[in-house]
Amino acid sequence: MIYEPAEDSLLLKKHIKHYALGKNLVLDMGTGSGLLAVEAAGYVHKVIAVDINPEAIKHCRKTIKKSNIEFRQSDLFSNIQKDEIFDLIIFNPPYLPLDKDEPEDSQLATTGGRKGYELIQKFLSDAKAYLAEKGEILLLFSSLTGINDVNRIIFKNGFTYNEVARQHLFFEDIIVYILK
């Protein structure tokens, strides 16, 4: 299953130009359909777009023909080289708490762990090693993930944040932070 762009992807897409414009190297973590990588590619020298799902990477390679985007299969930073240092990392992670009734194939695209924030926690514990000195992270998550938990994880990993956007949906808010 490939994550189809929804309200969260579209909200994040609106803010990419502001943060990507003029940057050299951008990482689109968890690229899914490739929507955010394509948006970033219009403003930067190069985008590396990764996803744990081989089906997503195959789809992107087949349908997206932009010379400045490289698609790779990667479980977070597992296929990112230590010398690849990014000016901006874009991450629309799976952020929902585990729903045992959800099919396993869709959990890969929606579930961030038992409580919803575990994947964000793992990502942020490794992200600093791949950020340029003045690098930033555009991170999207849900109020269902636990705003206080995400804030705690951000500070624990040595980042600060500003809220860039928030959109209220039926039963949740989706939130975009810029981390420094």
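Where a number appears in this text, it was derived from the coordinates with a stated rule and is not lab data. Only a predicted model underlies this, so the values are computations on that prediction, with no experimental measurement involved. A quick note on method: Cβ atoms are made from the backbone with ideal geometry, for glycine too, and the neighbour counts reach across all protein chains shown.
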Subset of segment 9-57, residues in contact (Cβ under 8 Å) with a residue 60 or more places away in the chain and part of a helix (DSSP H, G or I), comes to 9, 11, 12, 14, 15, 16, 19, 20
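Determine, yes or no, whether residue 84 is under 17 Å from residue 40 (Cβ atoms), touching a Lys or Arg at 6+ places or on another chain (Cβ under 7 Å), among the charged types (D, E, K, R) and not in a helix (DSSP H, G or I). Walk me through it before giving the result.
Details: under 17 Å from residue 40 (Cβ atoms): yes; touching a Lys or Arg at 6+ places or on another chain (Cβ under 7 Å): no; among the charged types (D, E, K, R): yes; not in a helix (DSSP H, G or I): yes.
Taking the combined requirement at face value, the residue does not satisfy it.
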Here the residues within segment 1-37 that are of a type in the set (A, V, I, L, M, F, W, C) and either in contact with a strand residue (DSSP E or B) (Cβ under 7 Å, 6 or more places away or on another chain) or within 16 Å of residue 179 (Cβ to Cβ) (or both) are 11, 12, 16, 20, 25, 26, 27, 29, 36, 37
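Just need a number here: residues in segment 17-32 that are closer than 14 Å to residue 45 by Cα and not charged (D, E, K, R).
Step one: filter segment 17-32 for residues closer than 14 Å to residue 45 by Cα, giving 17, 19-28.
With the extra rule that they be not charged (D, E, K, R), the set shrinks to 19-22, 24-27.
Residues that pass the stated criteria total 8.
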The lone condition residue 100 fails out of (1) within 28 Å of residue 145 (Cβ to Cβ); (2) assigned to a helix (DSSP H, G or I); (3) not hydrophobic (A, V, I, L, M, F, W, C) is (2)
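Within segment 107-129, does at least one residue satisfy the condition of being free of Cβ contacts under 8 Å to residues at least 12 places away in the same chain and within 30 Å of residue 171 (Cα to Cα)? Write out each step before concluding.
Looking only at segment 107-129, we keep the residues that are free of Cβ contacts under 8 Å to residues at least 12 places away in the same chain, and these are 118.
Filter again for within 30 Å of residue 171 (Cα to Cα), leaving 118.
Yes, there is a match, as at least one residue in segment 107-129 is free of Cβ contacts under 8 Å to residues at least 12 places away in the same chain and within 30 Å of residue 171 (Cα to Cα).
Count, please, the residues in segment 120-165 that happen to be in contact with a Ser or Thr (Cβ under 9 Å, 6 or more places away or on another chain) and more than 15 Å from residue 28 (Cα to Cα). Can you show your working first?
First pass over segment 120-165, keeping only residues in contact with a Ser or Thr (Cβ under 9 Å, 6 or more places away or on another chain): 120, 140, 153-154, 156-157.
Narrowing the set further to residues that are more than 15 Å from residue 28 (Cα to Cα) leaves 153-154, 156-157.
The number of residues fulfilling the criteria is 4.
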